[in-house]
Structures are given as C-alpha cells and as structure tokens.
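Undergrad: Structure in structure tokens, see below.
The values are calculated or read from the model by the stated rules, or taken from the named source; none is laboratory data. What you are looking at is a predicted structure, and each value in this text was computed from that prediction instead of being measured. Positions of Cβ are generated from backbone atoms using ideal geometry, with glycine treated the same way; all protein chains shown enter the neighbour counts. All accessible areas refer to the heavy atoms of the entire protein, side chains included, with ligands and DNA or RNA removed. Shrake-Rupley method; radii C 1.70, N 1.55, O 1.52, S 1.80 Å.
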Amino acid sequence: MTISLPALLSQLLLGLVNGSFYAILSLGLAVIFGLLNVINFAHGALFMLGAVLTWMAMEYFGINYWVMLVAAPIVIGLFGVVIERLLLRWIYKLDHLYGLLLTLGLTLLIEGVFRSVYGVSGLPYDAPEALSSATDLGSGCCPTTGPGWSLHRW
C-alpha cells in the first residue's frame with residue numbers, strides 16, 4: 001500500500017496537532033500536581049466545562065466563536081480558583097488520596113449534571129467562516145475543521 005506525500009504530510013500535521021492537544025492536557029495535570037500537590041481528576045471535566053460554556057454562549061447569547069476562544073479559559077480558570085479557595089486548600093496537608101477523591105467527586109458531579117441536561121452526544125454548532133475549509137500547505141491541504149480544531153467540540 002502506498003500513500004502520497006501530500007496525504008502523508010497532512011496526516012503528520014494532524015497528528016502533531018492532536019499530540020499538542022494531549023501534551024497541553026498532560027502538562028496541566030503535571031503543573032497542578034507540582035504546585036498544589038493535588039492529583040486533579042477534575043482537569044478533564046473543567047476542560048469539558050469550557051467547551052460547554054463556549055457552546056452555550058454561542059447558542060444562547062450569540063457570542064462570537066473567537067471571543068469565546070479567549071473568554072472560556074479565563075472564566076473556567078476563575079472557576080478553578082473558586083474550587084481551590086473553597087475546597088482544595090483544606091486538604092493540602094493531608095494524604096494525596098483525599099485530593100484524588102475530592103477531584104474525582106467534582107468530576108462525577110460536573111459530568112453528571114451536564115450529562116443529565118444535554119445528554120451524551122456532542123452538541124453541534126456552526127464553524128466560523130475561517131475554519132470552514134482547508135488550508136493549502138503548498139504540498140498538500142490541511143483541514144481546518146475536525147480533530148485539529150476540536151478544542152471546543154466534544
């Protein structure tokens with residue numbers, strides 16, 4: 001089986017984009033554990049919360065995609081500060097297991113609420129005009145929708 005060079009380069013680029021996505025998530029977990037000494041199982045749930053916040057702002061309030069691409073991490077970051085001030089600060093001196101259980105409980109709570117309200121299927125939205133086609137890389141094309149821009153699609 002042979003694969004053309006443009007198709008190979010496109011797949012490599014998409015792999016790098018997806019790998020960068022996973023690297024950012026894992027670095028976030030490592031930084032939180034390094035700074036707070038808490039195993040944060042709520043990291044993925046907060047990431048999902050940012051995606052849902054973006055969808056809700058676009059769907060219900062008509063806020064621009066690009067505005068929410070900047071605003072959602074800030075809002076979720078502030079929510080993380082609230083979680084730290086109200087819950088996590090009391091368990092810093094305890095065993096790591098308590099932080100793991102607390103953040104796992106937060107994950108189950110956040111995911112359960114949104115699963116009961118919105119279901120388990122992804123929520124569709126209209127892609128911005130700039131992301132509705134492919135980017136010409138010279139030797140091939142890279143789609144600007146799909147896995148590379150799945151930060152706010154879940």
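Undergrad: Quantify, in whole percent, the carbon and sulfur part of the accessible surface of the chain (1.4 Å probe; protein heavy atoms only). Don't jump to the answer; show the numbers that get you there.
TA: On the way: 7000 of 9880 Å².
Reported share for carbon and sulfur atoms: 71 percent.
Undergrad: In whole percent, what relative contact order does the chain give with Cα contacts below 8 Å and a gap of six or more residues?
TA: Details: 115 pairs, mean separation 51.8, N = 154.
34 percent.
Undergrad: If packing is taken as the average count of other Cβ atoms within 10 Å, what order do 7-15, 60-68 fall into, highest mean first?
TA: Values: 7-15: 14.1, 60-68: 12.3.
Per-residue mean Cβ counts within 10 Å order the peptides as 7-15, 60-68.
Undergrad: Taking R0 as 30 Å, what FRET efficiency do you get between Leu14 and Arg115 from their Cβ-Cβ distance, rounded to the nearest 0.05? Let's see the in-between values first.
TA: Details: r = 29 Å, r/R0 = 0.96.
In this case the efficiency is close to 0.55.
Undergrad: Sticking with this one: Roughly what would the spin-label model give for Val70 and Met48, points 7 Å off Cα along C-beta, in nm?
TA: Going by the 7 Å Cα→Cβ label model, 2.9 nm.
Undergrad: On a C-alpha basis, how far is the centre of region 103-126 from the centre of region 23-51 in Å? Whole number, if you could?
TA: 17
Undergrad: Another one. At 1.4 Å probe radius, can you tell me the per residue accessible area of the chain in Å²? Show your work: numbers first, answer last.
TA: Working: 9880 Å² over 154 residues.
On a per-residue basis, 64 Å².
Undergrad: Rounded, prolate or oblate: which fits region 1-124, taking a ≥ b ≥ c as square roots of the Cα gyration tensor eigenvalues, rounded meaning a/c under 1.5, else prolate when a/b beats b/c? Don't skip to the answer; put the middle values down first.
TA: On the way: a/c = 2.17, a/b = 1.41, b/c = 1.54.
Because a/c hits 1.5 or more and a/b fails to exceed b/c, region 1-124 counts as oblate.
Undergrad: Further, regarding this structure: With the crude spin-label approximation of a point 7 Å out along Cα→Cβ, what separation in nm comes out for Tyr60 versus Thr2?
TA: Result for the modelled spin labels: 5.6 nm.
Undergrad: Quick check: pseudo-label points 7 Å beyond the Cα along Cα→Cβ at Leu108 and Trp90, how many nm apart are they?
TA: 1.8
Undergrad: Counting only helical runs of four or more DSSP H residues, what would the 222 nm mean residue ellipticity of the chain come to if each run contributes -39,500 (n - 2.57) and the total is spread over all its residues?
TA: Details: 4 runs with 96 residues, N = 154.
That comes out to -22000 deg cm²/dmol.
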